[in-house]
Amino acid sequence: MQRRSTVPEAPGPSPIAVVVAGATGWVGSALVPAILAASDLALVGAVARRHAGQDVGTVLGGLPVGVTVVGTVPEALAARAAVMVDFTSAVSVQGHVRAALDRGVHVVVGSSGLDPADDPRLDAYARERGLGVVVAGNFSLVATLAKRLALIAAAEMPGWEVVDYAAASKPDAPSGTAFEWAAALGAAHSKGPAGPGSEGIGHSQARGATIAGVQVHSVRVPGYVLSTALLAGAGDERLTIRYDAGQSPAPYLTGTLLAIRRVTSLLGLVRGLEQLLP
């Protein structure tokens, strides 16, 4: 009979302590259970002003989990967090990121509102504190694949533009996804607008906005969740690369969890989920 070893096993690494800002929002309400179910992650804080004072598990329709919702990010950061995930709003996100960095907490940002023009300053701010920040317009792996394909196509096509579609209630235009596509396309190989801009006839606003040298159009009508497309043309042929999101936030969970696990090993700001992929 084989004897059982009496040598105690070495303890594994401690779970990553996570605060979720926007914990009861569209993505946050799905992210919280995913964090609770992960053995290597621990939820230590949840931010949602309307539900402050309640247990986050109860708010989300389940059993109490021992984490009380608070109304502000600074309150949540009073816990010993390693990572804060922000899925709040464009109005709040800048202040939330700096508040987390000031408290020695790494940050994952899924909210729109961080202008790439601010990246160098935030990158330096994070580096000074020895911390990492991951910013992504979209944490879906499929959306990230579509972005990669768009970059490949744009290198081979003489003209292209970006169109994004969302619900009429979406306040930001373009979407974070479309903005990120435009910034990446412009940095890689911008060819400028495919047709007349301000010098054309009619209403120049109909040509959309020029972002990083890329023409972007935002459509806001009821019935859409989120779609982003590259429309490209060459001679007598056309190519469309389009990402369509469904009604569920589930596609964004895998990428967000990946970012939570990776950000603690980063220094400075990284923009785009693709930066974390092989």
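Structure notes:
- Exposure proxy shown here: for Trp181, Trp160, the number of other Cβ atoms within 10 Å sets the order, fewest to most, as Trp160, Trp181.
- Alpha-carbon centroid distance for the pair the stretch 99-116 / the stretch 121-185, whole angstrom: 16 Å
- The chain, dipole about Cα centre (Lys/Arg Cβ +1, Asp/Glu Cβ -1), debye to the nearest 20: 620 debye
- Cα-Cα separations in the stretch 141-245 greater than 23 Å, expressed as whole percent: 24 percent
- Here the spin labels are modelled as points 7 Å beyond Cα on the Cα-Cβ line, and at His189 and Thr72 they lie 5.0 nm apart.
- Computed P(r) (all Cα pairs; the chain; 10 Å bins; percent): 6, 27, 31, 20, 10, 4, 1, 0, 0
- Phi angles across the stretch 222-232 convert, under the Karplus curve 6.51 cos²θ - 1.76 cosθ + 1.60 with θ = phi - 60°, into 3J(HN,Hα) values of x, x, 8, 9, 6, 9, 9, 9, 9, 9, 10 Hz, Gly and Pro given as x.
- Acute angle (nearest 10 degrees) that the helix 119-128 long axis makes with the longest principal axis of the chain, alpha-carbon atoms: 20 degrees
- About its Cα centre, the dipole of the stretch 141-245 is roughly 160 debye, where the only charges are +1 on Lys and Arg Cβ and -1 on Asp and Glu Cβ.
- Among beta bridges identified by DSSP and lying wholly in the chain, the antiparallel ones come to about 45 percent.
- Signed unit charges on C-beta, dipole axis of the chain, positive-most listed residue Gly213, Pro251, Tyr165: Pro251
Where a number appears in this text, it was derived from the coordinates with a stated rule and is not lab data. These numbers come from a predicted model, not from an experiment. When we count neighbours, we look across all protein chains shown, and the Cβ atoms used for this are built from the backbone with ideal geometry, even at glycine.
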